[in-house]
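The values are calculated or read from the model by the stated rules, or taken from the named source; none is laboratory data. As the structure is a prediction and not an experimental result, all values here were calculated from the model. Cβ: placed from backbone, ideal geometry, glycine included. Neighbour counts: every protein chain shown. Heads up: the accessible areas ignore ligands, DNA and RNA and are worked out on the full protein's heavy atoms, side chains in. Shrake-Rupley method; radii C 1.70, N 1.55, O 1.52, S 1.80 Å.
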Amino acid sequence: MRGVVLHAPGDVRVEHRDEPRIVHPTDAVIRLSAACVCGSDLWPYRGIERVAGPAPMGHEYVGVVEEVGRAVATVRPGQFVVGSFFASDNTCAICQAGYQSSCVRRQPIGAIGSQAEFLRVPLADGTLVATPDVPDADLVPGLLAASDVLGTGWFGALAAQAGPGKTVAVVGDGAVGLLAVLAARQCGAERIIAMSGHAPRQKLALGFGATDIVTTRGDEGVAEIRDLTDGLGAHSVIEAVGTQESMLQAIHSTRPGGHVGFVGVTHGVALDGMALFFSHVHLHGGPAPVRQYLPELIDLIWRREIDPGSVFDLELPLDEAAEGYRAMDERRAIKVLLRP
């Protein structure tokens, strides 16, 4: 089969990979209907996150089940399924507490690589959720977004305790940040401030429910957030980037007693313990337990109550994946959908 492989920073190729097969009785093999490039894929692409040798790429996926292992009971061949970027058994004590991305048996899909024609999904019963039927073509992008960026933005909003009467600020205007705006709106937030310096992303944020746009960043952006909130800061702040600057911007934009939900994959972030101590800010985040939210998100998308698929602003065939990486790296695209 064809699949995307990263050989070195900036060197993405589509080449032959072995077609997956059932290895364990809990596995499923799916024929991918769509995959995509994630902002976190840019860390190794840029050389910030090191990879040892050629690495398969991709961890977001939707498709049709081709084959299941003998122990799989909840999905069957022919069903259209959505899965999380971490495989989980969904039965251990950690999963039952709602943190499937820290399952005691978790397996990263990124190590297998979903930017391909087929994908082996471990722990299929605990990882895959079937849709009511094969979806209409226009629903596929939204269902694909649920596999990671929507679920991650959703977790960020919940971790920040976005809700009625709250002012929510979102740091980061990538796909996760934009869908965190949508999630905050679904949570009933009264005011949603999107921090973005890019007009197309601002437009999408407003469409997803943002009420205000702040175009500055760093200390200047913090000052604007405080000006908009009577000097107090936002009740809830979602950090969706993962850098030192974005994390500090999120914490400093939060009022005492407020909550930061951090879902950007962190690189080089170090916090001053004393400053954090006196901030009275709650911090919660990490890799989103997307599997927890998939049934609800699929239902909202299926009933067309939300349209997270509009975050994809460039669609390419799988063979042009390298251009997709370049477009996102150069910020010519928010998120790239790949069609195998």
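If the condition is being open to solvent by 10 Å² or more (accessible area, probe 1.4 Å) and not aromatic (Phe, Trp, Tyr), then region 101-122 contributes SER102, VAL104, ARG105, ARG106, GLN107, PRO108, GLY110, ALA111, ILE112, GLU117, ARG120. Being open to solvent by 10 Å² or more (accessible area, probe 1.4 Å), of a type in the set (Gly, Ala, Ser), modelled with pLDDT of 95 or more and in contact with a strand residue (DSSP E or B) (Cβ under 9 Å, 6 or more places away or on another chain) is a description that applies to GLY172. For region 241-253, filtering for residues that are closer than 14 Å to GLY268 by Cβ and in a helix (DSSP H, G or I) leaves 5. Selection over region 310-324 of residues that are touching a residue at least 24 places away in the same chain (Cβ under 8 Å), open to solvent by less than 30 Å² (accessible area, probe 1.4 Å) and farther than 12 Å from LEU178 by Cβ gives a count of 4. For residues that are closer than 19 Å to LEU206 by Cβ and either under 12 Å from the mean Cα position of the chain (by Cα) or buried (at least 24 other Cβ atoms within 10 Å of the Cβ) (or both), tally how many sit in region 158-169. Qualifying residue count, region 158-169: 4. Residues in region 25-51 that are over 24 Å from ALA8 (Cα atoms) and surrounded by 19 or more Cβ atoms within 10 Å (Cβ to Cβ): THR26, ASP27, ALA28, VAL29, ILE30, LEU32, SER33, ALA34.
Each row is one residue, and each column tells you yes or no for (1) touching a residue at least 40 places away in the same chain (Cβ under 8 Å); (2) within 14 Å of GLY110 (Cβ to Cβ); (3) among the polar types (S, T, N, Q).
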position	(1), (2), (3)
ARG2	yes, no, no
HIS7	yes, no, no
ARG21	yes, no, no
THR26	yes, no, yes
CYS38	yes, yes, no
ASP41	yes, yes, no
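ILE238 - would you say it is open to solvent by 40 Å² or more (accessible area, probe 1.4 Å) and in a strand (DSSP E or B)? It is false that ILE238 is open to solvent by 40 Å² or more (accessible area, probe 1.4 Å) and in a strand (DSSP E or B). Against the numbered list (1) over 24 Å from PRO108 (Cα atoms); (2) of a type outside the set (Gly, Ala, Ser); (3) open to solvent by 50 Å² or more (accessible area, probe 1.4 Å), THR266 comes up short only at (1). For region 259-282, a tally of residues being within 19 Å of ALA159 (Cα to Cα), assigned to a loop (DSSP other than H, G, I, E, B) and in contact (Cβ under 8 Å) with a residue 40 or more places away in the chain returns 3.
Considering every residue within region 52-71, establish whether at least one is free of Cβ contacts under 8 Å to residues at least 40 places away in the same chain and either buried (at least 16 other Cβ atoms within 10 Å of the Cβ) or of a type in the set (D, E, K, R) (or both). No: zero hits. The residues on offer are SER101, SER114, and the sole one that is modelled with pLDDT of 95 or more, assigned to a loop (DSSP other than H, G, I, E, B) and hydroxyl-bearing (Ser, Thr, Tyr) is SER114. Filtered by the rule that a residue be surrounded by fewer than 24 Cβ atoms within 10 Å (Cβ to Cβ) and either part of a helix (DSSP H, G or I) or free of Cβ contacts under 8 Å to residues at least 12 places away in the same chain (or both), region 127-157 gives ASP136, ALA137, ASP138, LEU139, VAL140, PRO141.
One line per residue, one yes/no per condition, for (1) open to solvent by 10 Å² or more (accessible area, probe 1.4 Å); (2) closer than 24 Å to ALA205 by Cβ; (3) of a type in the set (Val, Ile, Thr):
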{"site": "PRO256", "(1), (2), (3)": "yes, no, no"}
{"site": "ALA275", "(1), (2), (3)": "yes, no, no"}
{"site": "HIS284", "(1), (2), (3)": "yes, yes, no"}
{"site": "ARG291", "(1), (2), (3)": "yes, no, no"}
{"site": "LEU297", "(1), (2), (3)": "no, yes, no"}
{"site": "LEU337", "(1), (2), (3)": "no, yes, no"}
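Against the conditions (1) buried (at least 22 other Cβ atoms within 10 Å of the Cβ); (2) part of a loop (DSSP other than H, G, I, E, B), VAL81 satisfies every one except (2).
Residues considered: ALA210, ALA223, ALA180. Of these, the only one that is outside any helix (DSSP H, G or I) and open to solvent by less than 60 Å² (accessible area, probe 1.4 Å) is ALA210. Residues of region 187-207 that are exposed (fewer than 14 other Cβ atoms within 10 Å of the Cβ) and of a type in the set (D, E, K, R): LYS203 alone.
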